[in-house]
Structures are given as C-alpha cells and as structure tokens.
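The values are calculated or read from the model by the stated rules, or taken from the named source; none is laboratory data. Note that the coordinates shown come from a computational prediction; the quantities given were computed from them, not determined experimentally. Heads up, the Cβs are rebuilt from the backbone with ideal geometry, glycines too, and the neighbour counts pull from every protein chain shown.
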Amino acid sequence: MIFYEPGRHKDQGFRHDPFKAFVSPRPIGWISTADAEGRTNLAPYSFFNAMSFLPPVVVFGTGTRSDGSPKDSQRNVEATGEFVCNIVSEALKEQMNKTAVHLPHGEDEMTLAGLEGVACQKVKPLRVAAAPVALECRYLQTVALPSWDPTHGNYAIFGEVIGVHVDPAIVEDGLVDVTRYRPVSRLGYFDYSTVTEVFQMFRPD
Ligand SMILES: Cc1cc2nc3c(=O)[nH]c(=O)nc-3n(C[C@H](O)[C@H](O)[C@H](O)COP(=O)(O)O)c2cc1C
C-alpha cells in the first residue's frame with residue numbers, strides 16, 4: 001500500500017491531493033438562502049451529506065472567501081436560521097456550476113444562472129423550481145473545524161429538514177426512482193458522476 005500523511009501526497013507522486021477522489025461520490029447540496037433583506041443566494045456544496053434520519057439532519061462544509069470572510073451561504077444561514085438544500089439533477093449540472101461564481105454579497109446566483117425560484121412552505125429562502133427535490137431546513141448549529149491556514153476557516157453547518165418538495169415525475173408506485181433525475185455528485189479533481197443504475201441488497205438480520 002502507498003501511505004502518506006495529509007498534505008504529503010506529492011512525496012508519493014500524487015500530482016494533486018486525492019482525498020476528495022477517495023471520499024466519493026459526494027452528493028451536492030445546492031444551498032439556497034436569503035439574507036436579512038430577503039435577497040436570494042444559491043451555491044453548490046459537495047462537502048454535504050445526511051447525518052440522521054429521525055429527524056432528518058443534513059450538513060454542509062464551507063471554507064471562507066479568499067479574504068477570510070464567511071461565504072454568503074454561511075453568513076445567511078447564521079443570520080436567518082434557514083436554508084434550502086436543492087438536489088441537482090443531471091439536467092441542471094451546467095446551471096449548478098454557474099452558481100459557484102463568487103458574487104458580491106446580496107447578488108443573486110439563481111437569476112444569474114437563469115433559474116426560477118419558488119416560495120417554500122416553512123422557510124423564507126426560495127427553492128430552485130427545476131430541482132427534482134428540495135429540502136427546507138432549519139439551522140441547528142455551526143461547528144468550527146481545524147484549518148491549516150490561520151487566515152481561513154472551515155465550518156460544518158447543520159440543519160434539520162422540516163419540509164420536503166418532490167417532483168411527482170420521479171415517483172413510481174410510492175417509491176422515488178433516482179435514475180429518473182440522475183443526481184449529480186462530485187468525485188475528485190474536476191470529475192463528476194451521476195447515478196444511472198441501482199442494485200439492491202438486504203441486511204442479514
Ligand atoms: C460542485 C461544487 C461543489 C462545491 N463544494 C464546496 C464545498 O463543499 N465547500 C465550499 O466551501 N465551497 C464549495 N464549492 C465552492 C462554492 O460553491 C463557491 O465558493 C461559492 O461561490 C460559494 O458561494 P456563497 O458565497 O454564495 O455561499 C463548490 C463548488 C462546486 C462547483
């Protein structure tokens with residue numbers, strides 16, 4: 001086996017740190033928020049996952065902007081206590097990528113990417129109308145993570161899902177068929193994947 005400590009990958013001939021290729025595929029939380037003045041913000045986060053089921057809790061991990069200030073998603077979630085996690089279908093991959101642009105605070109990536117926003121039921125941020133699934137979330141807490149760079153932070157932001165929107169076109173006989181929307185996930189480097197087939201296994205007991 002090849003062994004390296006984080007940050008020492010080049011000693012073993014890796015051109016880039018392969019960590020994100022190993023912890024993959026990672027689902028993408030496409031996080032919509034509103035600032036205190038109600039202005040929409042949308043950005044993708046692939047340090048994202050579900051952490052519990054009853055109740056459903058999700059988490060996304062964020063770095064900071066190049067000047068060390070919080071990214072807009074973190075800033076808005078902590079200011080308002082709400083966010084929406086939109087799920088990215090293959091059809092929306094280009095728009096998702098467009099929303100990763102670093103705009104000044106208060107400028108709306110949803111409009112920039114040509115996406116329509118619709119009102120949620122229980123939270124103020126808009127959800128992406130074209131997303132097959134959107135999870136309305138109530139902010140729970142932020143956990144500060146270690147950072148190798150003293151001028152930048154890393155944070156994990158937790159939210160409880162309090163409302164779920166599902167496109168009926170992805171539901172068949174009471175079950176969701178993910179191959180109908182092919183969720184986009186992040187691998188390492190600039191690589192992505194989608195789910196094109198599924199198989200089943202049942203637990204031993
Ligand atoms: C597919 C994808 C996944 C991303 N995942 C993350 C992530 O997990 N954490 C992060 O800090 N930035 C991530 N980014 C970069 C942010 O989307 C980008 O910094 C964005 O401008 C943040 O926007 P905000 O300031 O509106 O929150 C990702 C970008 C892309 C395209």
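With respect to residue 65, determine if the residue is surrounded by fewer than 17 Cβ atoms within 10 Å (Cβ to Cβ), in contact (Cβ under 8 Å) with a residue 12 or more places away in the chain, more than 15 Å from residue 186 (Cα to Cα) and charged (D, E, K, R).
Numbers: surrounded by fewer than 17 Cβ atoms within 10 Å (Cβ to Cβ): yes; in contact (Cβ under 8 Å) with a residue 12 or more places away in the chain: yes; more than 15 Å from residue 186 (Cα to Cα): yes; charged (D, E, K, R): yes.
Yes.
Here's a check for you: in segment 56-66, which residue that is more than 10 Å from the chain's Cα centre (by Cα) and either under 15 Å from residue 143 (Cα atoms) or modelled with pLDDT under 95 (or both) is nearest to the ligand (Cβ to nearest atom)?
Checking each candidate, the answer is 63.
Mind listing whichever residues of segment 1-55 are away from the ligand (no atom under 11 Å from the Cβ), over 15 Å from residue 193 (Cα atoms), in contact (Cβ under 8 Å) with a residue 40 or more places away in the chain and outside any loop (DSSP other than H, G, I, E, B)?
The answer is 19, 34, 51.
What residue, among those in segment 106-126 that are charged (D, E, K, R) and surrounded by 14 or more Cβ atoms within 10 Å (Cβ to Cβ), is farthest from the ligand (Cβ to nearest atom)? Give the derivation first.
Of all residues in segment 106-126, those charged (D, E, K, R) come to 107-109, 116, 122, 124.
Subsequent filtering for residues that are surrounded by 14 or more Cβ atoms within 10 Å (Cβ to Cβ) retains 107-109, 124.
Numbers: 107: 9, 108: 10, 109: 6, 124: 16 Å.
My answer is 124.
Which condition does residue 84 not pass, out of (1) within 15 Å of the ligand (Cβ to nearest atom); (2) in a loop (DSSP other than H, G, I, E, B); (3) in contact with an Asp or Glu (Cβ under 6 Å, 6 or more places away or on another chain), if it passes all the others?
(2)
Give segment 75-109 a look and list any residue that's farther than 30 Å from residue 170 by Cβ and at pLDDT 95 or above, or say none.
75, 78, 79 - these are the residues of segment 75-109 that are farther than 30 Å from residue 170 by Cβ and at pLDDT 95 or above.
Among the residues of segment 88-105, count how many are of a type outside the set (Asp, Glu) and more than 10 Å from the ligand (Cβ to nearest atom).
4
Kindly indicate whether any position in segment 5-26 is surrounded by 13 or more Cβ atoms within 10 Å (Cβ to Cβ), of a type in the set (Asp, Glu) and closer than 24 Å to residue 129 by Cα.
Looking through segment 5-26, none of the residues is surrounded by 13 or more Cβ atoms within 10 Å (Cβ to Cβ), of a type in the set (Asp, Glu) and closer than 24 Å to residue 129 by Cα.
Where residues in segment 75-88 are among the polar types (S, T, N, Q) and crowded, with 22+ Cβ neighbours inside 10 Å, which of them is nearest to residue 33 (Cα to Cα)?
76
I'm checking my understanding of the structure. Among residues of segment 100-134 that are in contact with a Phe, Trp or Tyr (Cβ under 7 Å, 6 or more places away or on another chain) and of a type outside the set (A, V, I, L, M, F, W, C), which one is nearest to residue 192 (Cα to Cα)?
132
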